[in-house]
Amino acid sequence: MQPDLLPALIQTWPDTMSGHCHLALALSGGLDSMVLLDLLCRWRDEAGGPALSAIHVHHGISPHADDWLQHCQQACDARGVALHAERVSIGSAREQGIEAAARAARYQVFSASAATIIALAHHADDQSETVLLQLLRGGGVKALAAMPCWRTWQGKQLWRPLLGVPRARLAAYAADRGLHWVEDDSNQDAANYLRNHLRLQVLPGLRQRQQGLDARLARSAAQMADAAAILDEVAAQDWQALHDAASGALSLAAWQVLSAPRQRHVLLHWLGKLGWPAPAPAALLSLQSALLAGQDARLDGEAGVVLSYRGQLLAMPWGSRSAWPVPCVPGQTLRLASGELRWVWQAGGLSAAPGVVWQLRSRQGGESLSTRVGRKALKKLFQEAAVPALLRDSWPVLCDEAGQLLSLPGVAVAADRAQPEGWWPQWQPLSIPRD
């Protein structure tokens, strides 16, 4: 008889997690999750483990999905575990692949759960498959680190207590305990799913040729995790040195001093802190090359745009256009979805009578502003100030009560209205309209 798995499971639970935590098990109804359900219930009943609930995601892909849900409900009812079942549709997401779309749907359900800890039934064989998958996809050290036992994710903890246990031991445990589970017929489709191909055709042969293969792959994953942690520490230090807390931007001059790998990693760290998805490696390299060459550089992503402006790297989220005109009071900060209007009292600023209200409005085209050397088109002022073309379209102008142009905020003030001292308007873009 195999050694009991319960002590091994309990050993992965840190004392800091004890107390009033809300633990939920991701329950598919398959062998792995049914073993974990049984272990968690035994821990609860025999050793004072935490109370738990279960989450079942009904993808609607298999014709047997309703039967799987019924199986999970019966198993939970028999053990006194509350089951939350969620039906999802992946129809609109199939272009990313059924496996990826189904996973994204599951994790969306997990993120909406009230549970603080989500227990997942991944095991040692899953870890080996993941390492090889990431290797075949050209993944870096973070990808090759595969799955950790504990991971902080969207304010929750993901816990994989069976990650060091081979699937064969889970099957033996299930047989000893008389457990029943469902079989997903798609798990036998090696022609259409790369993970299944690795599981069914590649890994069995490798295990015959290489003794202790899974332990070796797990060791490599652990070493990659250490390397990734070191990279994260260095990137965090670089970000701290480059980051402007007021604007959220990075200093371009300080960034250029870093080595090329550190340049890329601090950009990825910065975008990660913003919650933006990592760009494709080729797109990141293209941005880096343009920045180092002193060219106008931008990187369009799912969440927004990274671009250079006035010696800084800005991350501008996609947004909507402001509904101009907008009233503003000289000296009072005005924050809009598209940007923020601030004021600086300095030489050459604008004079404003008490209680006066001016307006921010959109450019109409063809406007010009008086300067010390005559009138200049706003287009020319933008060019002289090196304002990226991407920002100009949504950049407002400042007008007085009569509609006369006072300023292109952050760029120039009308020379015929400038005073020895007065308010100088500053415009800080915060988003970019996505047409």
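The values are calculated or read from the model by the stated rules, or taken from the named source; none is laboratory data. None of the values given here were measured: they were computed from a predicted structure. Virtual Cβ from ideal backbone geometry, glycine too; neighbours counted across all protein chains shown. We work out accessible area using only protein heavy atoms, side chains counted, and drop any ligands, DNA or RNA first. Shrake-Rupley method; radii C 1.70, N 1.55, O 1.52, S 1.80 Å.
Once the 1.4 Å probe is applied to the protein heavy atoms, the chain comes out at 51 Å² accessible per residue.
Rolling a 1.4 Å probe over the protein heavy atoms of the range 1-113, with every protein chain left in place, gives an accessible area that is 50 percent carbon and sulfur.
With both labels modelled 7 Å from their Cα along Cα-to-Cβ, the residue 310 to residue 151 distance reads 4.0 nm. Only protein heavy atoms count here; on that basis, with a 1.4 Å probe, residue 417 has an accessible area of about 80 Å².
Any aspartates and glutamates with Cα under 18 Å of the residue 379 Cα? List them, leaving off those in the same chain fewer than 8 positions away. Partners found: 296, 367, 393. Identify which of 345, 318, 270 has the largest mean-square fluctuation in a Gaussian network model of the chain, with springs joining Cα atoms closer than 10 Å. Most flexible of the set in this elastic network: 345.
The length gained by stretching the chain between residue 62 and residue 368 to full extension, at 0.36 nm per residue less their Cα-Cα distance, is 103.7 nm. Only helices reaching 30 angstrom along their own axis (Cα) with mean Kyte-Doolittle hydropathy no lower than -1.0 count here, and for the DSSP H runs of the chain these are 213-242. Give me the net charge for the shell around residue 246: Cβ to Cβ below 15 angstrom, other residues only, Lys and Arg +1, Asp and Glu -1. Residues close to residue 246 contribute a combined charge of +1. Ordering 151, 434 by accessible surface, largest first, gives 434, 151; the 1.4 Å probe counts only protein heavy atoms, with every chain in place. Taking a sphere under 14 Å around the Cβ of residue 212 and counting the other residues whose Cβ falls inside, with K and R at +1 and D and E at -1, yields a net charge of +2. Close amide H contacts of residue 30 (hydrogens built in the peptide plane, cut-off under 5 Å, sequence separation of 5 or more or a different chain): 182.
Distance between the pseudo-spin-label points of residue 260 and residue 241 (7 Å out from Cα toward the beta carbon): 2.0 nm. Determine, from the Cβ-Cβ distance of residue 251 and residue 201 and an R0 of 41 Å, the FRET efficiency 1/(1 + (r/R0)^6), rounded to the nearest 0.05. E between residue 251 and residue 201, to the nearest 0.05, is 0.20. Multiplying the residue separation of residue 419 and residue 386 by 0.36 nm and subtracting their alpha-carbon distance yields 9.4 nm. Placing pseudo-labels 7 Å out from each Cα toward the beta carbon at residue 17 and residue 108 gives an inter-label distance of 2.7 nm. If R0 is 22 Å, the Cβ-Cβ spacing of residue 175 and residue 73 corresponds to a FRET efficiency of close to 0.40.
So how much slack lies between residue 208 and residue 220, counting 0.36 nm per residue of separation and subtracting their Cα-Cα distance, in nm?
2.4 nm is the gain from fully extending residue 208 to residue 220.
So what is the relative contact order of the chain, in percent, for Cα pairs below 8 Å that sit 6 or more residues apart? Answer for the chain is 11 percent.
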